[in-house]
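A.B. asks: What follows is a structure written as structure tokens; I'll ask about it next.
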Amino acid sequence: MLKNNKAAIFTSEQADNVDVTTWELPEDAIARLGRGSEPKLAFSPDGQSLAIGTCIGLWLYDLATLSPVALWNLGQGVVESVAFSPNGKWIAASCSGRMLNIWNVQSGTFWTQVKLETYVDNVTFSQDNQYIAVAYSGYSSSNDVEVWHVENGKQFSKFTADVDRAGICRPLSFSADTRWIASTYRFNTTVETESIVVWDMKSNEQIACLSAHTYWVTTLCFSPCGKFLASGGEDGTVYVWDVNTWQQVKCYTNYGRVYRIIPSWTPEGILRAAIVHYDDAGPATISVRDLESGEELYTDQVWGNTIEFSDTGDWGNNVLFSNGSQLAYECRHEFINVWTSDNPVKHKLTHSPISFPTSMFFSQDGKTLAVEHHHEGVVLWDIESKRSRPAIKEISAGKNQFVHKTNNGELYVTSIKKDTATLCQADSDGTQLIQATGLEYWSTFPILSPTGKLFAAGDEEGNIQVWDVQSGEQIYELVHPIEPSDIDNSKDEGDYVAELKFSQDGKLLASESKSNKVKLWDMELGEEIDTFPSDKVTGIIEFSPCGQYLSCSGTEDLLIWDIIHRNPCHDETNLYKSTRFDIGARLSRPPECEYVEEPVFSFCREYLACIASWNNDSKNFPICLFEVKSGKHLATFWGHTTDIWTLTFSPDNTLLASASHDGTILLWNMTSYL
């Protein structure tokens, strides 16, 4: 049973005055920045609300104000699928903790919980509101569709097809009279063709198997009149089936290059489809079309790789089309666009950032936290107001951005757009310090030296370009040797420059290729350092903070390169032996932590925070805090539902920030431990 079984439901007027960064916070956390990644969407039956399930819980938005009015804590796991009951009384969410949770929407109270067999791709209610069904993930070992009574959570039935495997996306649909239920299966795992299987709810018997799609089937929907079943697939085709004969009666196709096509019936029985078009040479678009007349009701350009789909097979919830008149889709990892047929102007619902944070730094005064997001923009959070703003104000800046912090505390941002990377100071007007062009494929993240004086980037051809930040001029083009590829025209499979690292003083640059070749370059001369034993090195680890050493993984052992003397550290018995260090303190490892990683010191050097191991008995991922001098374990913070990527202390040591794959940053109060 969920511990927090009720969500506060606010009116839209109340929600405007409520600080959502404090909703459902774990103990010791003072704020949550961001509202969670990997959104799963569901419209309420009256079209007035949009539910968004993320890695931290289930949000409810009022579409009139585009503001959140509730957040339900799911406990263990992240949201996989969301559904409203047709009467709007219930809302259900399945989560990766293998639980199906049902709430009463009006009161915000938790109603019941069902233990699931494995991971779920789709959840749906029957039209009479009596039943709820789940289809297990197409990547799991289960081919089952399970149905429960909504009121008491007791199982009604389990439907299993005699097949090799379930369909990849597992769409699920009840007929209007709750007589039938349908899902998808693959009768041959060596091909991508999928079939639709229909069962009788009373007899539990399979009554139809429909085969026409040549690829994955992603959407199933029975017509309101109960006479037809529509199916949409990754093959860009919509089929309509007569439920009396189970024969195909309509086929809608030839819509150009289609990534997804999602059919949906209006309450009046008109069949429409949301169609995601793509073009390798231009922007993707999403449109809504009346399939019978061919009339296009809505279209929107979504620039670049902006409609993102989950790689788990549950692709239908990032583009939601329901009742033939309600469309919601994620856009640029920043917001969700909402369109309805009765309002031709789309709404932009800010639920940003949607992608997960990978790197972050406090500003020197501790008032701002700069956060880099995976394949997206850099966001600046004002610590006092808990509000965010783009790090670069220029609208034309590329959204693939990276944050850098120099030794003197200055923050910079690199933006990549097509073949050009620009370096700007964070929170500036977008004035370009560096404009690097000509790298057709950016195989490694561009980097700024800790001194802020040099900027470097590499490509799949092994070219490493280095610029002088002050003059904005390119000063070197280095060539890292690349292994020839056996695969023609493949940037993903061949060798390329995979990582670059500057030394603390910016005088050295280390480069590593995917094939584990490492080179060390002199940045004062623009030349390779010949004395560096490249034949014994298989990977870069890190330059030491003192700037004297470079640690590398080696063919024989860990190698520590002495930067000053230009040779490996060694003694009489082992040429490649790490320098010895005395033990300053032993940390008291708490029982919940089998191991710790990514240790981060506070600015005062008196405290150490570590990402701790996670086990199946833990609800969330732990962070351990230690006192360095005594080695004492001070606290364990529990809050993130998925992997924690990075930690950082504020300069005054009063805050610890933790960034997670769940799409949020938690701010932890350190004052009670100082």
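Each reported figure results from applying straightforward, stated rules to the coordinates on display, with no laboratory input. Every value quoted in this text rests on a predicted model; they were computed, and no experiment measured them. Cβ coordinates were reconstructed from backbone atoms using ideal geometry, including for glycine residues, and neighbour counts include every protein chain displayed.
A.B. asks: Here are labelled values, (1) 44, 33, 23; (2) 48, 29, 25; (3) 58, 27, 24, and one is the computed semi-axes √(5λ) of the Cα gyration tensor in Å for what I pasted. Which one?
C.D. replies: (2)
A.B. asks: Only Cα pairs under 8 Å and at least 6 apart count here; give the relative contact order of the chain as a rounded whole percent.
C.D. replies: 8
A.B. asks: Hey, what number do you get for the chain at 222 nm if only DSSP H runs of n ≥ 4 count, each worth -39500 (n - 2.57), divided across all residues, to the nearest 500?
C.D. replies: 0 deg cm²/dmol
A.B. asks: Separate question: What length, rounded to one decimal in nm, is gained on full extension from residue 386 through to residue 270, with 0.36 nm per residue of separation minus their alpha-carbon distance?
C.D. replies: Going from the current span to full extension adds 37.2 nm.
A.B. asks: For region 122-255, state the average projected area of the convex hull of the C-alpha atoms over all orientations, rounded to one decimal in nm².
C.D. replies: Average of the hull's projected areas for region 122-255 equals 7.9 nm².
A.B. asks: Continuing with the same structure: Would you mind checking 418/507; 417/453; 202/250; 453/514; 367/405 for any pair whose Cα atoms are more than 21 angstrom apart?
C.D. replies: 418/507; 417/453; 202/250; 453/514
A.B. asks: Moving to a separate point now. What whole-number distance in Å separates the alpha-carbon centres of region 340-418 and region 225-300?
C.D. replies: Taking the Cα centre of region 225-300 as reference, the centre of region 340-418 is 36 Å away.
A.B. asks: Here's something else I'd like to know. Find the centroid of the Cα atoms in region 448-477 and in region 500-569, then give the distance between the two in whole Å.
C.D. replies: 17
A.B. asks: Another question, if that's okay. Can you grab the distance from the C-alpha centre of region 38-75 to the C-alpha centre of region 654-674, Å, no decimals?
C.D. replies: When both Cα centres are located, 25 Å separates them.
A.B. asks: For residue 403, what is the net charge nearby, where nearby means another residue's Cβ is under 13 Å from its Cβ and Lys, Arg count +1, Asp, Glu -1?
C.D. replies: -3
A.B. asks: Continuing with this model, one more query. Sorted by average packing, counted as other Cβ atoms within 10 angstrom per residue and highest first, what order do 242-253, 494-505, 204-215 take?
C.D. replies: 494-505, 204-215, 242-253
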